[in-house]
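For reference, the structure discussed in these notes is given below.
The values are calculated or read from the model by the stated rules, or taken from the named source; none is laboratory data. Just so you know, these numbers come straight off a predicted model, no measurement behind them. Here the Cβ is made from the backbone with ideal geometry for all residues, glycine too, and neighbour counts use every protein chain on show.
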Amino acid sequence: MRRAAEYLPRHAADLVLEALEDTRVVVLNGARQVGKSTLAELVLRQHPGGVARFLDNPGTRTAAQADPIRFVQHEGLMLIDEVQRVPDLWLAIKHVVDRDPRPGRLLLTGSARLLALQSVPDALPGRSETIELWPLSQGEIDGAPDGFVDAAFRLGPELTAAASEAPGFSRRDGLARALRGGYPEAVRRETPRRRERFFEGYLDDVITRDVKQVADIEKAGDMRRLVSLLAAQTAGLLNVNRLAGELSLSAPTVRRYVEILETIYLVRLIPAWSANATTRTVATPKVVFVDPGLAGFLSTGATGGMPEGGLIENFVVSELARQLTWARSSIRLFHYRDRDQYEVDAVLEDNAGNVVAIEVKAAETVRAEDFRGLRLLQRRLGERYRAGFVLYCGTEPLSFGDGLGALPISALWTTPPD
């Protein structure tokens with residue numbers, strides 16, 4: 001893995017520039033410390049006459065609170081960083097862009113899913129586009145194309161042959177990349193110990209500051225313990241009742257806490273997938289961490305050992321989730337499990353109902369039984385089944401015939417979309 005440069009180009013930059021061409025308000029949303037402000041400032045530099053307003057500055061924030069309408073008036077592009085700090089700005093923004101509907105008026109950044117915040121008084125339907133910025137993908141870190149999702153739907157099973165250039169990938173590689181994570185500051189740090197210090201401070205900051213923006217949580221310690229429990233079973237099914245018992249909290253409280261963690265981009269719920277032909281499916285979502293490095297830090301501290309298989313699955317699923325934000329088609333991410341113990345770690349479905357199914361294995365070899373869940377979906381979906389792949393910690397692409405293949409996990413970011 002190469003050492004990260006001071007700034008690594010982001011796929012989201014092109015999405016933001018494209019949206020500003022025809023949309024009045026563009027919202028760049030994402031977790032704390034993923035590089036939203038840096039990306040927004042780089043975009044602003046490409047718009048002569050643009051201005052930036054940073055609401056972490058007390059004076060700027062006071063001005064925004066005192067006269068929101070005047071604050072957002074500007075002829076060119078205006079960047080407002082951390083816009084959730086002044087909720088009254090939303091109505092002012094709506095007022096201004098309704099009276100002057102030119103595209104490219106405002107670029108907003110925020111560290112939570114802004115429209116889920118209780119303090120936001122009004123959304124901007126038809127006036128805004130939201131682009132989510134996630135921690136760095138492996139392709140952004142390595143300067144690779146990050147095109148697996150597009151290629152899988154375009155090529156189907158032929159991707160196995162097309163991915164012949166994917167470099168070998170060992171279990172050790174997978175764990176190293178997963179534990180490094182994708183927060184730019186963690187990527188820049190060269191030793192595990194220095195990254196652990198980053199993760200420790202990051203989690204404390206998120207629990208004490210970001211959670212309070214979303215809800216009034218009396219006991220931050222309960223939230224911290226919940227995060228550790230989720231990390232100990234990363235990529236597992238969300239069992240609210242079990243978590244409630246371990247935390248001595250009610251199930252509705254735990255469910256609300258998990259929703260808060262998703263709102264602030266700490267975890268992501270992967271919904272269960274089902275079709276009419278699969279009536280014995282389990283409807284429970286899976287929980288993955290937005291950044292596997294944070295999951296690894298927490299699980300090691302919580303259990304004294306690392307759930308390596310779950311961590312590598314979290315790593316792969318989080319890479320797939322990142323690619324969905326810049327994929328050329330609208331594609332949704334699910335998991336599959338039924339009462340007969342068939343399961344598939346990731347089910348990708350496009351708007352036409354076509355499916356690419358993916359199983360993740362931390363082993364360095366592939367067995368025929370690794371395709372058990374993929375074959376089930378293939379039988380039941382018929383022509384809707386585009387392809388099925390086992391992504392594993394191995395060295396070469398392997399065809400298993402009949403629309404099935406095995407690929408090194410590195411194919412995720414080394415495969416070009418075309």
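Some observations on this one:
- Evaluation of Gly110 against (1) crowded, with 20+ Cβ neighbours inside 10 Å; (2) in contact with an Asp or Glu (Cβ under 6 Å, 6 or more places away or on another chain); (3) of a type in the set (Gly, Ala, Ser) (one fails), failing number: (2)
- Test for Arg177: is it in a helix (DSSP H, G or I), assigned by TED's automatic domain parsing to the domain that holds Pro408, over 18 Å from Ile312 (Cβ atoms) and of a type outside the set (Asp, Glu): no
- Looking only at the range 224-244, and only at residues there that are in contact with a Ser or Thr (Cβ under 7 Å, 6 or more places away or on another chain) and not in a helix (DSSP H, G or I), the one that is farthest from Phe315 (Cα to Cα): Leu238
- Index of the failed condition, Val26 passing every other in (1) more than 23 Å from Asp291 (Cα to Cα); (2) surrounded by fewer than 22 Cβ atoms within 10 Å (Cβ to Cβ); (3) touching an Asp or Glu at 6+ places or on another chain (Cβ under 6 Å): (2)
- Scan of the range 327-368 for residues that are assigned to a strand (DSSP E or B), surrounded by fewer than 21 Cβ atoms within 10 Å (Cβ to Cβ) and without any contact (Cβ under 8 Å) to a residue 60 or more places away in the chain, ordered by number: Arg332, Glu343
- Total residues in the range 199-219, condition part of a helix (DSSP H, G or I) and either charged (D, E, K, R) or in contact with a Cys (Cβ under 8 Å, 6 or more places away or on another chain) (or both): 6
- The residue that is nearest to Leu269 (Cα to Cα), among those in the range 341-393 that are among the acidic types (Asp, Glu) and touching a His at 6+ places or on another chain (Cβ under 8 Å), is Asp345.
- In the range 369-380, residue nearest to Ser274 (Cα to Cα) [restricted to those that are among the aliphatic types (A, V, I, L, M) and either within 20 Å of the chain's Cα centre (by Cα) or crowded, with 20+ Cβ neighbours inside 10 Å (or both)]: Leu377
- Only one of Gly394, Gly405 that is small (Gly, Ala, Ser), in the same structural domain as Ser170 (by TED's automatic domain parsing) and not in a loop (DSSP other than H, G, I, E, B): Gly405
- Residues within the range 95-113 that are small (Gly, Ala, Ser) and modelled with pLDDT of 95 or more, tallied: 1
- Among the residues making up the range 212-237, those that are modelled with pLDDT of 80 or more, closer than 11 Å to Leu261 by Cα, in contact with a helix residue (DSSP H, G or I) (Cβ under 6 Å, 6 or more places away or on another chain) and surrounded by 19 or more Cβ atoms within 10 Å (Cβ to Cβ) are Met223, Leu226.
- All of Ala92, Ala13 fail the test of being under 20 Å from Arg113 (Cα atoms) and at pLDDT 95 or above, apart from Ala13.
- Whichever residue in the range 391-418 is among the hydroxyl-bearing types (Ser, Thr, Tyr) and touching a strand residue (DSSP E or B) at 6+ places or on another chain (Cβ under 6 Å) and, among such residues, is surrounded by the most Cβ atoms within 10 Å (Cβ to Cβ): Tyr392
- Scanning the range 225-244 for residues that are closer than 25 Å to Leu179 by Cα and not aliphatic (A, V, I, L, M) returns Arg225, Ser228, Gln233, Thr234, Gly236, Asn239.
- Sub-7 Å Cβ pairs linking a first residue in the range 155-176 that is buried (at least 17 other Cβ atoms within 10 Å of the Cβ) to a second residue that is outside any helix (DSSP H, G or I) and polar (S, T, N, Q), at least 6 apart or interchain, are Thr160/Ser399; Ala163/Thr415; Ala166/Ser410; Ala166/Thr415; Phe169/Ser410, ordered by first then second residue.
- On the stretch given as the range 51-79, residues that are among the aromatic types (Phe, Trp, Tyr) and outside any strand (DSSP E or B) total 1.
- Of note, Gly388 does not satisfy the criterion of being in contact with a strand residue (DSSP E or B) (Cβ under 9 Å, 6 or more places away or on another chain), modelled with pLDDT under 95 and assigned by TED's automatic domain parsing to the domain that holds Ala327.
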